[in-house]
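Everything on this sheet refers to the single structure shown next.
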Amino acid sequence: MNKMDQIWITGVGIVSASGNDLESFARALRSGEDAAQPITAFNTSEVRGRMGCEARHFCPEEHFSRRELRRMDRGSTLLVAAARAAMDMAKLRIGDYNPERAAVSLGTTLGGMIEATNYYGHLNNTGKAYVTQLIDYPLYAAGARVCNEYGLLGANIAFSTACSSANIAIGVGADMIRLGEADLVLVGGFDTMAKMTVAGFNVLRNVSSERCRPFDKNRQGLVLGEGAGVLVLESEAHARRRNAIPLARFLGYGMSSDAYHMTAPDVTGKGPSRAIAAAISDAGIATQDINYINAHGTGTTHNDAAETKAIKRVLGEHAANVAVSSTKSMHGHTLGAAGAIEAIAIIAGMQGGFFPPTVNYQQPDPNCDLDYVPNQARDGHISVALSNNFGFGGNNCSILLGNTDYV
């Protein structure tokens, strides 16, 4: 793709524990606020990890009617609210785009799991079935709601590759534009705080009983979060025709598989390093151009060390010059939404002139020896940022975003 065929990000929308718009989200990141609190969505007395990053200040009733909410899963409310905010920021209305060349590409691991769980619980307890509770259960259902609201007639795609889901959705959405299949794609991801997820991660023993401490020697594991992030991708030509102003540019992405284990990472970091290298190749940039990495950084022992190895393997000596942080330490691990929320974190840093921190960092680990921007945001200009997300089964995806002044 040449310089005249750039992909612009013209709007973003976010719902998260750290804020429900770009301004509040950026403010929380810059101040290093850890949003983790005891989970309130359900009884956690039987699990070890009881902390979570819930979107406590999101009120669905402010966005949807009571009639609508009777048929909506919480995941759909998060996603549609974020999509509306992204479209509003991009100043896009029906009629501003060819609906046949506008699409949706999203990532999620749970889809409408909360209402589906309620459906089966009610059926088991009463013998009565309310099928409307299953409307949002399919992974693609939330995206279909966005298509219906904005009259988008292009593809509606849903990816479920664990933690890398949203990054893949962003990359594939960009490919649709690069291949001439679309002018406009809403990309991102969503996931909720569901009992099944919390129980499952606790069974795997990789959930922290306290705060999340990515890259810290005494890290105990991840803290789950919920939320949704949506980015509006447009071809530069389409954006210029309507005098849109870009927030950032999508540069490239790369994917790989560990081919190793269904849950455990390959501790050598070879799989993630291939995804990072592929993203750099796709973007056509030099490794020295990267000056910030939003790390996968889950706070688990093996993941953090493997990611550090991967970064050093690909960036070489330059790795020591790059600011690396895990914003999951603040907004939690949002699973299928992670890539989208963390892309928006990068944009918040680009717009605000700061590198987001890794909070709760206390004790350096010899196996994690990069600059993790400990505890406090750092003033500075993010020119090119890499965002990593590596999922169960070794599903790895890295994306690259560029500031609007990066040439």
Pick out the one residue from Gly111, Gly121, Gly143 that is assigned to a helix (DSSP H, G or I) and within 16 Å of the chain's Cα centre (by Cα). Gly143
How do the strands (runs of 3 or more DSSP E) wholly within the range 298-407 filter down when requiring 2 or more residues that are touching a Gly at 6+ places or on another chain (Cβ under 6 Å): which remain? 384-391, 395-402
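Which is under 21 Å from the mean Cα position of the chain (by Cα) and either at negative phi or buried (at least 19 other Cβ atoms within 10 Å of the Cβ) (or both), of Glu307, Glu317?
Glu307
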For the range 15-91, which fully contained helices (runs of 4 or more DSSP H) count at least 3 residues that are crowded, with 16+ Cβ neighbours inside 10 Å and touching a helix residue (DSSP H, G or I) at 6+ places or on another chain (Cβ under 7 Å)? 22-31, 74-89
Can you confirm whether the range 64-72 contains a residue that is polar (S, T, N, Q) and in contact (Cβ under 8 Å) with a residue 40 or more places away in the chain? no
Subset of the range 75-97, residues in contact (Cβ under 8 Å) with a residue 60 or more places away in the chain, more than 22 Å from the chain's Cα centre (by Cα) and farther than 27 Å from Pro138 by Cβ, comes to Lys91, Asp96
In the range 285-299, what residues are touching a residue at least 40 places away in the same chain (Cβ under 8 Å) and out of contact with any strand residue (DSSP E or B) (no Cβ under 6 Å at 6 or more places or on another chain)? Ile285, Asn291, Gly297
Looking for something aromatic (Phe, Trp, Tyr), out of contact with any strand residue (DSSP E or B) (no Cβ under 8 Å at 6 or more places or on another chain) and either under 30 Å from Leu153 (Cα atoms) or free of Cβ contacts under 8 Å to residues at least 40 places away in the same chain (or both) - is there at least one such residue anywhere in the range 34-49? no
For Asn360, state whether it is touching a Phe, Trp or Tyr at 6+ places or on another chain (Cβ under 7 Å), on the phi > 0 side of the Ramachandran plot, polar (S, T, N, Q) and modelled with pLDDT of 95 or more. no
Test for Asp289: is it within 23 Å of Tyr406 (Cβ to Cβ) and over 20 Å from the mean Cα position of the chain (by Cα): yes
Checking Pro265 against (1) in contact with a Leu (Cβ under 9 Å, 6 or more places away or on another chain); (2) within 22 Å of Pro214 (Cα to Cα), only one condition comes out false. Which one? (1)
Of the conditions (1) farther than 22 Å from Val230 by Cα; (2) without any contact (Cβ under 8 Å) to a residue 24 or more places away in the chain, Glu23 satisfies every one except a single condition; which number is it? (1)
Scanning the range 389-407 for residues that are surrounded by fewer than 24 Cβ atoms within 10 Å (Cβ to Cβ) and touching a Cys at 6+ places or on another chain (Cβ under 8 Å) gives Phe392, Asn395
Could you give every pair whose Cβ atoms fall below 7 Å, whose first residue belongs to the range 109-137 and is among the charged types (D, E, K, R), and whose second residue is part of a loop (DSSP other than H, G, I, E, B), counting only separations of at least 6 or pairs across chains? Glu115/Asp73; Glu115/Asp136; Glu115/Tyr137; Asp136/Met72; Asp136/Asp73; Asp136/Gly112
Taking first residues from the range 142-153 that are touching a residue at least 60 places away in the same chain (Cβ under 8 Å) and second residues anywhere that are assigned to a helix (DSSP H, G or I) and among the polar types (S, T, N, Q), the pairs with Cβ under 8 Å that are 6 or more apart or on different chains are Ala142/Ser76; Arg145/Ser76
Given the options Asp258, Asp266, Asp216, name the one that is charged (D, E, K, R) and within 19 Å of Val324 (Cα to Cα). Asp216
Do you know which residues across the range 179-194 are touching a helix residue (DSSP H, G or I) at 6+ places or on another chain (Cβ under 7 Å) and not small (Gly, Ala, Ser)? Asp183, Leu184, Val185, Leu186, Val187, Phe190, Asp191, Thr192
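The values are calculated or read from the model by the stated rules, or taken from the named source; none is laboratory data. No experiment lies behind these values; they were computed from the predicted model shown. Quick reminder, even Gly has a Cβ in these numbers, built from the backbone with ideal geometry, and neighbours come from all protein chains shown.
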